[in-house]
């Protein structure tokens, strides 16, 4: 049973102390505190739960609570929150100014935690590191040194991406954290795994017998995954200059969606069984040498452009970006999962900034009907599609072919559609926060997932260092990426399907666009 808030009607997590590092940062203001308030409003936080907010800025308790309230009003989900819920939520929050390099500050933090827990009666602790990854290891070691990890109840650690910048750094970071926390106590967040329709992939696949017989290379021609953004790098330029689209999006979000689509049915719907099957996909993902990556991966960078008459700067004109930067803001790739189910099926991915629409969409394209037979005499019959819309519109539909009403016998694409009202769906961070509080790590990444993802990405990153074999392609801001991305997919006789964005008023108009494109492709 699901409540009106979109959460399953199950017990609250255990009461605990949430120690939130980076509490004055942008992520905490935009996502974490709004998520906590909405969980509290849904009665999904136990009465004894308290939040110790950790930051460098010298707030006192009341002024920090005022900051939190202002941030939630600015960034929280729409809807009225009752005054008594606001009062209850803000009373949970305590502020502890901390220099993360000072062990004395950690000891003072521990004293505050002990005092609060004596009053609340809980000894469980959830540590959340919403901070730069270079602090993850040192903070973990200082937590142990100050005795904060010896509270008497359960302990868990939630960390944000990026988890390293290559395999070697990720291994080093994992070794540091595993000196303090066991693997089952570490919750590595990928917020895409908290999205409604990404989680729905599992249900779609394993709760519907109609899909299993056709979920393979005998019936599916290709899979296309698009995750496009209209924004530029904004205030993230210093991070993005070192990460680029490959490390920022492909190593985590894009590969996670491939795993969800391509995984085998788990032996049971239990956390480790599900994660085991996801890891098998990464083990089967064809790894490219740097030379092969140049053929199968396209990188791009946005130039100045315009959307709706508004001029947009190019990447190298953005604040705090080097004028001669070679950082990619766009990736398109042709990937293969070399196992019995998926052999020969291309998985096309593309992701970029300053693109034409904000959209995340997965298109499963089924094989064409034979030409010269029945209703495909001239080869113009469009393929069947299963489209999973993750963002900004949540839902899915199946595209079928049917006769247009009338006497001319024209066959047109039609859709069976399901749309999820966005106001009925908790935000990704609400789901993941709740899972971490319950100790459910199903939708968090395990170390072997992270390790294999870096082993796949590292040779591609190496290829990007050689301009002569892996050139940086350019695209206008407000477009769908460089021409090289279209050429990549055309080699196999395919073409990118248009995505369903906020500018598409209806499924019918979307299908009309697809029909026009299908005719052009043929």
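Here residue 123 fulfils each of the conditions (1) in a strand (DSSP E or B); (2) without any contact (Cβ under 8 Å) to a residue 60 or more places away in the chain apart from (1).
Looking at the stretch 420-434, which of the residues that are modelled with pLDDT of 80 or more and either assigned by TED's automatic domain parsing to the domain that holds residue 75 or outside any loop (DSSP other than H, G, I, E, B) (or both) is nearest to the chain's Cα centre (by Cα)?
First, pick out the residues of the stretch 420-434 that are modelled with pLDDT of 80 or more: 426-434.
Then drop every residue that is not either assigned by TED's automatic domain parsing to the domain that holds residue 75 or outside any loop (DSSP other than H, G, I, E, B) (or both), which leaves 428-434.
On the way: 428: 9, 429: 11, 430: 14, 431: 13, 432: 12, 433: 15, 434: 17 Å.
Applying the filter and picking the extreme gives 428.
Please go through the stretch 262-273 and give me each residue that is part of a helix (DSSP H, G or I) and either surrounded by 22 or more Cβ atoms within 10 Å (Cβ to Cβ) or not assigned by TED's automatic domain parsing to the domain that holds residue 197 (or both), ordered by number. The one that is part of a helix (DSSP H, G or I) and either surrounded by 22 or more Cβ atoms within 10 Å (Cβ to Cβ) or not assigned by TED's automatic domain parsing to the domain that holds residue 197 (or both): 262. Taking the stretch 435-488 as the range and being closer than 30 Å to residue 40 by Cβ and either touching a helix residue (DSSP H, G or I) at 6+ places or on another chain (Cβ under 6 Å) or part of a loop (DSSP other than H, G, I, E, B) (or both) as the test, the residues that pass are 439, 440, 441, 442, 443, 444, 446.
The test for being under 26 Å from the mean Cα position of the chain (by Cα), in a strand (DSSP E or B) and modelled with pLDDT of 95 or more holds for residue 334.
Among the candidates 223, 198, the residue that is assigned by TED's automatic domain parsing to the domain that holds residue 445, within 25 Å of the chain's Cα centre (by Cα), crowded, with 20+ Cβ neighbours inside 10 Å and not in a helix (DSSP H, G or I) is uniquely 223.
For residue 247, the test of being in a loop (DSSP other than H, G, I, E, B) and under 25 Å from residue 489 (Cβ atoms) is failed. Please enumerate the residues belonging to the stretch 42-64 that are closer than 20 Å to residue 126 by Cα and not in a loop (DSSP other than H, G, I, E, B). Once the filter is applied, which keeps residues that are closer than 20 Å to residue 126 by Cα and not in a loop (DSSP other than H, G, I, E, B), the stretch 42-64 yields 50, 51, 52, 53, 54, 55. So residue 169 fits all but one of (1) touching a helix residue (DSSP H, G or I) at 6+ places or on another chain (Cβ under 7 Å); (2) within 29 Å of residue 334 (Cα to Cα); (3) not assigned by TED's automatic domain parsing to the domain that holds residue 339; what number is the exception? Among (1) touching a helix residue (DSSP H, G or I) at 6+ places or on another chain (Cβ under 7 Å); (2) within 29 Å of residue 334 (Cα to Cα); (3) not assigned by TED's automatic domain parsing to the domain that holds residue 339, residue 169 violates only (1). Is one or more of the residues making up the stretch 445-456 at pLDDT 75 or above, more than 28 Å from residue 196 (Cα to Cα) and not assigned by TED's automatic domain parsing to the domain that holds residue 28? Scanning the stretch 445-456 turns up at least one residue that is at pLDDT 75 or above, more than 28 Å from residue 196 (Cα to Cα) and not assigned by TED's automatic domain parsing to the domain that holds residue 28.
Working only within the stretch 152-204, note down all residues that are in contact with a strand residue (DSSP E or B) (Cβ under 6 Å, 6 or more places away or on another chain), touching a residue at least 40 places away in the same chain (Cβ under 8 Å) and over 26 Å from residue 30 (Cβ atoms). Of everything in the stretch 152-204, just one residue is in contact with a strand residue (DSSP E or B) (Cβ under 6 Å, 6 or more places away or on another chain), touching a residue at least 40 places away in the same chain (Cβ under 8 Å) and over 26 Å from residue 30 (Cβ atoms), namely 181.
Scanning the stretch 65-114 for residues that are within 12 Å of residue 41 (Cβ to Cβ) and not in a helix (DSSP H, G or I), we see that the one that is farthest from the chain's Cα centre (by Cα) is 82. Whether a residue is part of a helix (DSSP H, G or I) and over 30 Å from residue 52 (Cβ atoms) was assessed, and residue 241 passes this test.
Checking the structure you have, find out if any residue of the stretch 52-73 is within 16 Å of residue 425 (Cα to Cα) and at pLDDT below 95.
Taking every residue of the stretch 52-73 in turn, none turns out to be within 16 Å of residue 425 (Cα to Cα) and at pLDDT below 95.
The values are calculated or read from the model by the stated rules, or taken from the named source; none is laboratory data. Because the structure is predicted, anything quoted here is derived from the model rather than measured. Using ideal geometry, Cβ is built from the backbone for each residue, glycine included, and neighbour counts are taken over all protein chains shown.
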